[in-house]
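Working notes for the structure below.
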Amino acid sequence: METIEYKICEDQFNPLNPRSIGIGKIVAISISKKKGIPKTNVQFARLIENHGIEGDVHAGNWHRQVSLLALESIDNMRKKGLSHLRPGAFAENITTEFINLPQLEIGTKIKIGKEAELEVTQIGKECHSKCAIFFKIGDCVMPREGIFTKVIKSGEFFVGDEFIIM
């Protein structure tokens with residue numbers, strides 16, 4: 001049986017401190033064939049080393065192969081008046097729960113599924129042209145709270161899998 005090491009602080013459980021738990025959950029996986037549209041939710045996906053999610057438009061040889069956003073961030077936007085928002089609406093590939101994604105550091109390694117691994121390459125992004133969500137309520141969390149990763153080890157993963165900070 002494989003031993004997994006991950007960061008744990010002496011703190012008590014605190015879902016806003018990623019190092020206090022080290023483990024979150026994947027609540028949605030989303031892909032699309034075109035840029036600029038909400039992604040479609042799927043039950044599983046395959047990560048390809050140095051490429052991204054198989055079949056997703058953002059895959060390729062660059063530093064933003066896979067995007068992630070926390071369900072908690074989506075919930076905050078729902079509270080601002082967009083109760084219909086769903087995972088994938090911000091064009092993120094993976095929606096997580098119980099991990100404070102923006103607090104992760106560049107270079108942090110993440111294990112998902114049985115063998116796939118990601119490395120954090122960017123926190124947030126500049127939003128050159130405002131999205132439909134921004135125009136509706138004057139805010140969007142993806143530029144502040146979305147994170148971007150590259151795939152450092154291939155593998156399949158499923159909705160419900162653990163999301164482990166290594």
Beyond a 27 Å Cα-Cα separation, which of these cross-linked pairs lie in this structure: Lys33/Lys79; Lys39/Lys153; Lys33/Lys80?
Lys33/Lys79; Lys33/Lys80
Filtered chymotrypsin sites (Phe, Trp or Tyr not before Pro), the range 37-107: DSSP coil and at most 13 other beta carbons within 10 Å:
Trp62
Spin-label point model (7 Å from Cα, Cβ direction): what's the Lys109 to Arg78 distance in nm?
3.4
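Read-outs throughout are calculated quantities, based only on the coordinates presented, and are distinct from any laboratory measurement. Just so you know, these numbers come straight off a predicted model, no measurement behind them. All Cβ positions, glycine included, derive from the backbone under ideal geometry; neighbour counts span all protein chains shown.
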